[in-house]
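Novice: Quick one: this structure, given as structure tokens, is what I'll be asking you about.
Derivation of every value follows stated rules applied to the coordinates shown; laboratory data play no part. Predicted, not measured: the structure shown is a model, and the values here were computed from it. Cβ atoms come from the backbone with ideal geometry, glycine included; neighbour counts cover every protein chain shown.
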Amino acid sequence: MLAFIIRRIVQSALVMLVVAAVSFSLFRFVGDPISSMVGQEATMADRAALREALGLNDPFLVQFARFIGNAVQGDFGISYRLQQPVMELILSRLPATLELALISGIIAFVLGVSLGVYTALNRRGWLSSGIMTVSLIGVSLPTFLIGVLLIWVFAVELQWLPSFGRGEVVWLGDWWRTGLLTESGRRSIILPAITLGLYQMTLIMRLVRAEMLEVLRTDYIKFARARGLSNRAVHFGHALKNTLVPVITITGLQLGSIIAFAIITETVFQWPGVGALFIRSVQFVDVPVMAAYLMLIALIFVIINLIVDLLYYVVDPRLRVDRANARH
Amino acid sequence: MAEPLLSVRDLIVEFPTRRGTLRAIDRVSFDLKEGEVLGMVGESGAGKSITGAAIIGLIEPPGRIAGGEIWLRGERIDNLPMEKLRRIRGKRIGMVFQDPLTSLNPLYTVADQLIETIRTHLPISEKEARQRAVALLDRVGIPAAARRIDDYPHHFSGGMRQRVVIALALCAEPELVIADEPTTALDVSVQAQIIDVLKEICAERGAAVMLITHDMGVIAETADRVAVLYAGRLAEIGPVRDVIKQAEHPYTAGLMGSIPTLTQTSDRLVQIPGSMPRLNAIPQGCAFNPRCTRVFNRCRVERPDPIDRGDGRQVACWLHDPAEVRNG
């Protein structure tokens with residue numbers, strides 16, 4: 001088990017190194033950073049001096065090593081556009097994105113699993129067919145369209161919920177500003193969270209349904225019924241648990257993509273998160289922010305994957321190989 | 001005569017399909033006395049397993065019991081509501097399935113599954129249930145039961161798993177055990193052991209056994225009576241010794257002739273020409289008539305019902321109709 005964790009951590013570090021290489025190459029290939037930093041009037045001598053001061057004349061590997069060294073300490077340089085440390089910028093925006101992702105992830109998981117189980121158990125019911133049809137729409141409509149539709153219905157026509165922004169926020173600790181503790185903050189997160197989570201929800205629902213139908217056909221479910229166990233025990237104790245391994249995998253990866261692809265939702269709802277920051281940075285070729293964002297997303301994916309792998313062990317005893325080997 | 005433990009009367013099981021309704025079981029009747037072992041033989045698709053599933057109320061939809069009655073100790077059970085039927089399953093009728101590798105839920109320990117089943121049917125504490133489970137495992141021949149009970153199914157070999165399955169089927173002291181090809185998936189070397197365990201433990205508890213198999217050898221050694229099914233119909237039923245010594249139905253005779261014996265020295269085993277008809281193409285009259293060597297006109301027109309010969313045997317064959325016998 002410990003060996004497994006260590007092996008996975010080493011693999012994760014390798015992945016991060018590759019991503020770092022990609023991020024770093026942004027600096028070299030997306031235009032000349034000097035020209036975005038200095039004004040039109042700067043002389044060639046000024047530019048050369050700045051270039052030397054920033055270490056841009058050093059060999060590639062030296063620069064890359066310096067980039068990694070700084071990145072490990074959380075230093076991604078200064079934003080070209082805002083002239084603030086990149087890490088500070090991202091950290092100030094991160095809580096908004098994480099809250100949005102968390103809420104929509106929870107919506108997606110809870111609704112996805114329960115609807116998936118429901119449609120699998122009532123395969124021929126009209127409500128199941130209805131849910132399946134609606135879920136097709138959820139899979140096929142692009143996120144921005146769903147966002148705009150929701151704004152139109154619930155913000156413009158019905159005027160129930162705000163259409164943009166985060167509402168009122170309060171400080172929670174030193175750097176975490178939360179919208180979840182205020183009424184307006186909670187109301188503001190509903191539409192973007194649904195927009196962001198809808199696709200994941202339909203995906204999880206269809207996956208749970210398919211896995212559930214598969215498991216319900218197995219011999220051990222038949223045998224569980226033949227033993228006279230109650231429907232509840234058969235469906236939720238025996239069947240649902242067996243569907244969880246693939247569902248955990250997909251949900252984990254989807255949580256990563258919820259954070260990564262919050263960009264569109266954040267743009268539609270003007271949500272002040274890292275996604276919106278990233279879009280602005282792309283417009284202004286703010287390479288340090290882009291590079292840091294890339295690294296951050298990769299880190300989140302890697303961590304989630306690690307957690308997913310560990311969850312397999314919790315759910316499926318057959319994977320706990322060391323114990324089985326010791327026994328035989 | 002005492003009331004039979006199980007009485008199946010004119011059972012009909014149908015499967016609606018796109019191309020008409022298939023009759024998998026067509027008017028099958030038989031009784032099972034207390035503590036008796038009834039062997040049920042026939043080719044694949046003859047309806048052996050479906051008969052077992054019908055008794056325990058677990059026919060896969062869209063299949064359904066379309067006619068007939070099933071009585072358990074004077075109580076009609078084929079039309080019970082789901083919840084009442086569930087209380088009979090495992091408690092009064094235990095079931096053993098064919099493949100022990102897939103009958104147990106891989107995610108729960110043997111103890112979990114045993115205790116869950118015991119406590120579903122008997123009002124005893126977790127601790128008592130556990131003691132009972134250990135005693136049962138010990139009885140079915142699992143060494144070091146107290147220690148191994150907390151293992152997962154994948155820690156056990158196939159034969160051991162089938163012992164666990166038998167323990168599960170018997171843990172609430174059922175009056176009847178339906179064993180659906182309990183040894184087919186096992187190594188030849190452990191088949192005899194499993195049959196012995198099943199037979200002993202049922203005899204000990206006075207449970208009747210309905211042993212479904214296509215292995216005539218197992219039937220000959222284990223069963224008190226044997227029922228022969230052909231194309232969803234009962235061909236012959238009677239005491240094992242008599243049927244083996246002198247089969248009355250030409251199909252049974254063919255079956256017996258196809259078993260190799262040590263004393264006989266014929267070069268080739270007898271083979272029944274042709275194969276069992278598909279359910280959508282059962283011929284008029286006797287289902288066996290196209291393959292029968294002793295067929296005559298009446299067999300092609302009129303379907304023979306089982307004829308009670310008075311010596312505990314019933315044969316569904318016109319050759320044994322008193323009228324035909326008289327005519328010569």
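Novice: Working from the alpha-carbon coordinates of the range A:95-317, get Rg over Rh, Rh being the Kirkwood radius.
Specialist: 1.03
Novice: Related question: Ignoring everything except DSSP H segments at least 4 long, calculate the 222 nm mean residue ellipticity for chain A; use -39,500 (n - 2.57) per segment, divide by total residues, nearest 500.
Specialist: Mean residue ellipticity, 222 nm, calculated: -23500 deg cm²/dmol.
Novice: Follow-up. Would you mind computing the Rg to Rh ratio of chain B from its alpha-carbon coordinates, Kirkwood style for Rh?
Specialist: Reported Rg/Rh (Cα atoms, Kirkwood Rh): 0.99.
Novice: For chain A, what's the relative contact order in percent, using C-alpha pairs closer than 8 Å and at least 6 residues apart?
Specialist: Normalised by residue count, the contact order of chain A is 26 percent.
Novice: Using the structure shown, list the pairs from A:Lys222/B:Lys245; B:Lys91/B:Lys199; B:Lys91/B:Lys245; A:Lys222/B:Lys48; B:Lys48/B:Lys84; A:Lys241/B:Lys48 with a Cα-Cα distance above 26 Å, or answer none.
Specialist: Flagged as over cut-off: A:Lys222/B:Lys245; B:Lys91/B:Lys245; A:Lys241/B:Lys48.
Novice: I've got another one for you. Rg and Dmax of the range B:70-121 over Cα atoms: what are they, in angstrom?
Specialist: That works out to 13.6, 39 Å for Rg and Dmax.
Novice: Viscosity 1.567 mPa s, temperature 4 °C: what is the translational diffusion coefficient of the range B:38-174 from Stokes-Einstein with a Kirkwood Rh over Cα pairs, rounded to a whole number of µm²/s?
Specialist: 80 µm²/s
Novice: For every helix of n ≥ 4 consecutive DSSP H residues, a contribution of -39,500 (n - 2.57) applies; sum these over chain B, divide by its total residues, and give [θ] at 222 nm rounded to the nearest 500 deg cm²/dmol.
Specialist: Helix contribution divided over all residues of chain B: -9500 deg cm²/dmol.
Novice: Rounded to a whole number, what is D in µm²/s for the protein assembly as shown from Stokes-Einstein with the Kirkwood radius over alpha-carbon pairs (37 °C, 0.692 mPa s)?
Specialist: This corresponds to a translational diffusion coefficient of 108 µm²/s.
Novice: Then there's this: Using all alpha carbons of the range B:140-244, what is the percent of pairwise distances in each 5 Å bin, ordered from the shortest bin to the longest?
Specialist: 2, 11, 22, 21, 19, 13, 6, 3, 2, 0
Novice: Okay, moving on. I want the antiparallel fraction of DSSP beta bridges within chain B, as a percent rounded to 5.
Specialist: 60 percent
Novice: Below 8 Å, C-alpha to C-alpha, sequence gap of six or more: please give me the relative contact order for chain B in percent.
Specialist: About 19 percent, as a whole number.
Novice: Right, another one. When chain A is modelled as a GNM with alpha-carbon springs shorter than 10 Å, which of A:Tyr220, A:Tyr80, A:Tyr118 fluctuates the most?
Specialist: In the Gaussian network model the winner is A:Tyr220.
Novice: Here's a follow-up. What longest region of chain A stays clear of trypsin sites (Lys or Arg not before Pro) that DSSP places outside H, G, I, E and B and that have at most 12 other Cβ atoms within 10 Å?
Specialist: Between exposed loop sites, the widest span is A:1-123.
Novice: If amide hydrogens are placed 1.01 Å from N in the peptide plane, which non-local residues have theirs closer than 5 Å to the one on B:Ala235?
Specialist: So B:Ala235 has HN proximity to B:Val228, B:Leu229, B:Tyr230.
Novice: Above 23 Å lies some portion of the pair distances; for the range A:177-275, what is it as a whole percent of all C-alpha pairs?
Specialist: 47 percent
Novice: Counting only Cα atoms, I'd like the Rg/Rh figure for the range A:1-123, Kirkwood definition for Rh.
Specialist: 1.18
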